[in-house]
1. Cut-off is 10 Å between beta-carbons; in what order do B:L52, B:L96 appear when sorted fewest neighbours first?
2. Calculate for the protein assembly as shown the 222 nm mean residue ellipticity that helices alone would give, adding -39,500 (n - 2.57) per DSSP H run of length 4 or more and normalising by residue count, nearest 500 deg cm²/dmol.
3. In nm, what is the difference between 0.36 nm times the number of residues separating B:S62 and B:K153 and their Cα-Cα distance?
4. Would you mind putting A:157-170, B:99-112 in packing order, based on average other-beta-carbon counts within 10 Å, highest first?
5. How far is it, in nm, from the label point at B:L23 to the one at B:A109 when both lie 7 Å from their Cα along the line to the Cβ?
6. About its Cα centre, how strong a charge dipole does the range B:115-215 have in debye, to the nearest 20, once Lys and Arg get +1 and Asp and Glu get -1 at the Cβ?
7. Find the Cα radius of gyration of the protein assembly as shown, compare it with 2.2 N^0.38 Å by division, and give the number to two decimals.
8. Given N residues in the range B:95-221, what is Rg(Cα) / (2.2 N^0.38 Å)?
Amino acid sequence: MQLSKNTAEVLNKIRSGKVGRDEVITSLYNDQNLKSKVYNQVLKRGGNINDAQSVFNLCLVQFFKTVTKNRSLTIDINLEAYIIAIAKNVWFQELRKNAKTMTTEINDNLDVSEENNSESLLLNIEKMDLLSDLLSKLKRRCKDVLMYWANGYSMEEIAQMCDYKSAMMARKKKYQCMKELIEYVSKNPHIRSAIS
Amino acid sequence: MIDFYEHIDDYVEGKLDQSTLDLMNHAIAKDHNLKEAITNYPTAKKISEALLEIDILEKIKSLEDTNLNETGTGSAQINYKKGIAFLIVFIAILSLLLGYNYLSNQKTANQNELFASLYTPPIDSQAVRSIMIEDKDAFSKGKHYFSLNDYSKALVHFNEAEKELSNANTTVDYTKSELFYWIGHVYINNKEWALAKKYFEKSQEKGSQENIALIERIQEF
């Protein structure tokens, strides 16, 4: 899949569920042209190759999350330019966080995030490690139902994507899984303080 | 009987109608677990939302691992192939060298065999076997050393004889033809076929043509 392809088609594929999303992730991840442009953004602004790799991964996550969560979002500019804008934003945030530098260049580029309206990420590596035990306990179907529900999909859509007979069945599953998750959080209060 | 846990979403999001809300508030006041579930609901929802990030990152991680494996395997395969190719080239070169060496040795052996069986050394009717050769001319000295199979010393004296021949002031009792004939024999014994042939060609002596023919046969190998 090329980024020059119909953007709406790419966005629909991402929103269609795991199969479509994974297909686009694979395609973008292996797009050497995109990768080199993102790497350049980081390298020319003081980052090293590890920073560039990390920014590339994070900007992909942010892009997919943004497209999935905002299903009415349309992207009028070139998709590659859009992803690179996210990457710049991710790197500037990283620079700020690490207080490596606070230059006017960063301030000048603050409009990037507003321009692409990308979703900020909830997790970092540490938080993800914290959830590894929970993730191993939650069943795949629970994860899928909760994931789509929390990211704005309707019960009808979830039923269709996760092969439930009806929206009611999907709702019931979501209720069971949410109860399980809440119980887990109750038993592990440190997770609440870390995630909140 | 209302399962209040099913209404936590709507309660938190303010979507309950007034009567259900009143019942819910009443239940929360009495049920500590329900109250705690409502407290933990935002965290659980946040985790649910983050499941998408985790899913995407897991996919990226799997692609990274695949790429690393492919790179590793690819690199190992390339190194393996390079090693095999190097080995094949090495074996080929070694075979060529051994083959060339064998053929070369074989050729030399055949040439030597032919030379030994067909070569007849020149006969010097005025041969001097005495060690008293100091008063002899260079040509005689050369022939003397030739008869002793000392071809390098013989050649030194024959070269000196050649200089004597070209010196108009010196009188010698041998001809260029004779001298070249003997020089030809020095080279033929040294297995320097081309030089030997060159000197025999310059000589008019009887036997020169036979030696040229012999050299040509030897060189055919």
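Laboratory data are not the source of any read-out in this text; all were calculated from the coordinates shown. The shown structure was predicted, so the numbers you read here are calculated from the model rather than taken from an experiment. Backbone-built Cβ (ideal geometry, glycine too); neighbour counts: all protein chains shown.
1. B:L96, B:L52
2. Computed ellipticity for the protein assembly as shown at 222 nm equals -24500 deg cm²/dmol.
3. That pair, B:S62 and B:K153, stretches by 24.4 nm at full extension.
4. Top of the packing list down: A:157-170, B:99-112.
5. 11.2 nm
6. Dipole of the range B:115-215, to the nearest 20 debye: 260 debye.
7. Taking the Cα Rg and dividing by 2.2 N^0.38 Å, one obtains 2.23.
8. This ratio for the range B:95-221 stands at 1.20.
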